[in-house]
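Peer 1: I am attaching a structure below and will ask some questions about it afterwards.
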Amino acid sequence: MGIPSLGLGTFRLKGDAAYQAVSTGLRLGYRHIDTAQIYDNEADVGRAITDAALPRDQLFVTTKIWTEHLAPGKLVPSLQQSLAKLGLDQVDLTLIHWPSPQDAEPVAQYLAQLQDAKTQGLTQAIGVSNFTLRHLKEALAAVAPGLIATNQVEMHPFLQNRALLDFCRAQGIRVTAYMPLAYGKVMADDTLKAIGAKHQVSAASVTLAWLLAQDIVVIPSSTREAHQLSNLKAKELVLDAGDMARIAGLDRNERLVAPDFGPAWD
């Protein structure tokens, strides 16, 4: 199964909130669930998956390896722990969540561990997250051709990452947009609201449709059933060339996620 174009993110959801959000999403028709070791919700996500009792081949589950597990010998055991929490024998996609802070661990070293996890059958596919152009080039040189399935990065109308997007496309790497609604900022933007009014949908739906139209995977997070359903229906919205151009004009390089351990951004 390729990466489903629209998934359900679980960032900042823990305990029963994570369980209920994933349970609702699966009931509504989401089949792509995104979690991470650092979210501390893999067990809650796994419980929701188990209780939904869906055929395993109909579900796409992504998790991400945290930076403390990038040192030699640590990645595979950490992924095994994630699988135990999720109640799965294999995840569909495993990502390196962030490049090693200050490049303490070489990209080639931890990408080799990730490739080994795939060889062992712990994950169907592998990829990266928050990788700059430099880190991507190092990753591509470290593994077999065609192995890096995606680069998951912050992307929304106010941070369009065009150089990175172009590079990924040229290398056959899909981009996955996290924070696609910019912490809800898209809902207050006049341009996005106007396009939404034209199509009788929300600014959030417009934003997701804009990303999907560029073959960018989106993983919005929501605990509300109405919002989850609205986000899911964004796949049906078709924007015209004028809409796409107006949204392209909103780029202002506004990065909302920039932790002090993060890389020097492009």
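Peer 1: Against the condition among the aromatic types (Phe, Trp, Tyr), farther than 27 Å from residue 259 by Cα and either at pLDDT below 95 or under 18 Å from the mean Cα position of the chain (by Cα) (or both), how does residue 60 come out, does it pass? Steps first, please.
Peer 2: Numbers: among the aromatic types (Phe, Trp, Tyr): yes; farther than 27 Å from residue 259 by Cα: yes; either at pLDDT below 95 or under 18 Å from the mean Cα position of the chain (by Cα) (or both): yes.
Judged against the criteria, residue 60 is a match.
Peer 1: Sticking with this structure for a sec: Sort through 201, 186 and tell me the only one that's among the β-branched types (Val, Ile, Thr) and either surrounded by 22 or more Cβ atoms within 10 Å (Cβ to Cβ) or within 19 Å of the chain's Cα centre (by Cα) (or both).
Peer 2: So the residue among 201, 186 that is among the β-branched types (Val, Ile, Thr) and either surrounded by 22 or more Cβ atoms within 10 Å (Cβ to Cβ) or within 19 Å of the chain's Cα centre (by Cα) (or both) is 186.
Peer 1: Here's a follow-up. Is it the case that region 51-62 has a residue that's closer than 25 Å to residue 14 by Cβ and in contact with a Pro (Cβ under 8 Å, 6 or more places away or on another chain)?
Peer 2: Yes, region 51-62 contains a residue that is closer than 25 Å to residue 14 by Cβ and in contact with a Pro (Cβ under 8 Å, 6 or more places away or on another chain).
Peer 1: If a residue must be in contact (Cβ under 8 Å) with a residue 12 or more places away in the chain and touching a strand residue (DSSP E or B) at 6+ places or on another chain (Cβ under 9 Å), how many such residues does region 1-23 contain?
Peer 2: So the count comes out to 12.
Peer 1: Among the residues of region 229-266, count how many are assigned to a helix (DSSP H, G or I) and over 16 Å from the mean Cα position of the chain (by Cα).
Peer 2: Total satisfying the criteria: 14.
Peer 1: Is it the case that residue 210 is part of a helix (DSSP H, G or I), surrounded by 14 or more Cβ atoms within 10 Å (Cβ to Cβ) and at pLDDT 95 or above?
Peer 2: When the stated conditions are applied, residue 210 passes them.
Peer 1: Let me ask something else about it. Within region 67-82, is even one residue assigned to a strand (DSSP E or B), surrounded by 14 or more Cβ atoms within 10 Å (Cβ to Cβ) and hydrophobic (A, V, I, L, M, F, W, C)? I'd like the intermediate steps shown before the answer.
Peer 2: Start the filter on region 67-82 by keeping residues that are assigned to a strand (DSSP E or B), which leaves none.
No, there is no match, as no residue in region 67-82 is assigned to a strand (DSSP E or B), surrounded by 14 or more Cβ atoms within 10 Å (Cβ to Cβ) and hydrophobic (A, V, I, L, M, F, W, C).
The values are calculated or read from the model by the stated rules, or taken from the named source; none is laboratory data. A quick note: this is a predicted structure, and the numbers were derived from the prediction, not measured. Methodologically, a virtual Cβ is constructed for each residue, glycine included, from the backbone with ideal geometry; neighbour enumeration extends over all protein chains shown.
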